[in-house]
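Report on the structure given below.
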Amino acid sequence: MKFSPQLTDDAVLQELGGRLAGARIERNLTQAALAEQAGVSKRTVERLESGEVATQLSGFLRVCRSLGLLERFEALLPEPAHGPMAQLKQMGRKRLRATGKKAVAGTPKKWTWGEPS
C-alpha cells in the first residue's frame with residue numbers, strides 16, 4: 001500500500017504496524033525479544049504492530065532504533081534546504097519563527113468629508 005493523503009489515520013497506523021511486524025519477522029525476532037532490545041513492554045510492540053493509537057511516539061522510536069530503521073527517518077523529514085540568498089539574509093542565525101501569510105488588502109475606498117468612519 002502506498003501512503004497517500006486520502007488514507008485514514010487508522011489505515012496509516014495499521015500499515016505502519018504491518019511494516020514493523022514484517023521488519024521484525026525478517027530479522028527473526030519475537031515480539032518479546034524486540035521489546036527487550038528496545039526497552040519497551042511486549043504489549044507496546046503488540047500495540048505498534050496492530051496499529052493501536054494508544055502507543056507513545058517514544059516507544060515507536062525505540063522499536064525503530066532496535067530494528068535499524070531510525071536512519072530512514074531522514075527521508076521522512078529531511079532538513080529544510082535554504083537557498084543562498086536566504087542564508088545570506090539570515091547571516092548564520094537560525095530562523096525561530098514563521099511569518100505567516102500577509103493579508104492581501106483590497107482597494108481602499110476613498111474617504112471624503114462627512115462620511116461616517
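The values are calculated or read from the model by the stated rules, or taken from the named source; none is laboratory data. Computed from a prediction, not measured in an experiment: that's the story for all the values here. With ideal geometry, Cβ positions are generated from the backbone for all residues, glycine too; neighbour counts draw on all protein chains shown.
Go through region 1-42 and give me each residue that's hydroxyl-bearing (Ser, Thr, Tyr) and either closer than 21 Å to ARG72 by Cβ or at pLDDT 85 or above (or both).
SER4, THR30, SER41
When region 7-46 is examined, which residues are found to be assigned to a loop (DSSP other than H, G, I, E, B) and in contact with a helix residue (DSSP H, G or I) (Cβ under 7 Å, 6 or more places away or on another chain)?
Scanning region 7-46 gives GLY39, VAL40, SER41.
Quick test for you: out of VAL45, VAL63, pick the one residue that is hydrophobic (A, V, I, L, M, F, W, C), within 27 Å of LYS2 (Cβ to Cβ), surrounded by 11 or more Cβ atoms within 10 Å (Cβ to Cβ) and at pLDDT 85 or above.
VAL45
Would you please list the contacts, defined by Cβ atoms under 9 Å and residues six or more apart or on different chains, that run from a residue in region 67-86 that is modelled with pLDDT of 70 or more to a residue that is part of a loop (DSSP other than H, G, I, E, B) and of a type in the set (S, T, N, Q)?
Final answer for the pair search is none.
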